[in-house]
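Here's the structure, in structure tokens; my notes come after.
The values are calculated or read from the model by the stated rules, or taken from the named source; none is laboratory data. Worth saying up front: this structure is predicted, and the values here are computed from it rather than measured. Backbone-built Cβ (ideal geometry, glycine too); neighbour counts: all protein chains shown. Ligands, DNA and RNA are stripped out before the accessible areas are found, and what is left, the full protein with its side chains, is counted by its heavy atoms. Shrake-Rupley method; radii C 1.70, N 1.55, O 1.52, S 1.80 Å.
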Amino acid sequence: WFECPHCGKPSPIFGSGGGERLANEVKLPLLGQIPLYQRVLEGGDQGAPIVLSDPASSAGRALLAVKDAVEREVGALVGR
């Protein structure tokens with residue numbers, strides 16, 4: 001979804017649920033969903049990742065949640 005920079009409201013410009021449907025179809029976990037957020041692009045261009053410059057933003061929280069999910073999945077695989 002696109003997150004309005006003025007009001008923060010999400011707009012599912014590409015529809016919704018596709019990532020979850022694909023994850024179910026290929027029998028893999030959905031690790032997360034990251035909003036389209038202008039400050040992610042700007043921070044990347046400036047060398048200031050959103051997870052460092054604004055970790056409390058919706059995109060920062062979403063990216064950190066994906067990191068946590070990846071760590072859990074890798075941990076589960078390594079622990080087998």
statement: Everything considered on the Cα gyration tensor (a ≥ b ≥ c; rounded for a/c under 1.5, else prolate if a/b is larger than b/c, else oblate), the chain must be described as oblate
field: Percent accessible area from carbon and sulfur atoms, the chain, protein chains only, probe 1.4 Å
entry: 60
task: Rounded to the nearest 10 degrees, what's the angle between the helix 58-78 long axis and the longest principal axis of the chain, both from Cα atoms, 0 to 90?
output: 20
- prompt: Could you give the nm distance between label points at VAL26 and VAL74, where each point is 7 Å from its Cα heading toward the beta carbon?
  reply: 1.9
- prompt: Excluding ligands, DNA and RNA, what is the solvent-accessible area per residue of the chain at a probe of 1.4 Å, expressed in Å²?
  reply: 74
task: Mind checking the full-extension length gain between ILE13 and GLU42? Use 0.36 nm per residue of separation minus the Cα-Cα distance, one decimal, nm.
output: 8.4 nm
- line: Computed for the chain: size of charge dipole around the Cα centre, +1 on C-beta of each Lys and Arg, -1 on C-beta of each Asp and Glu, debye to nearest 20, value 220
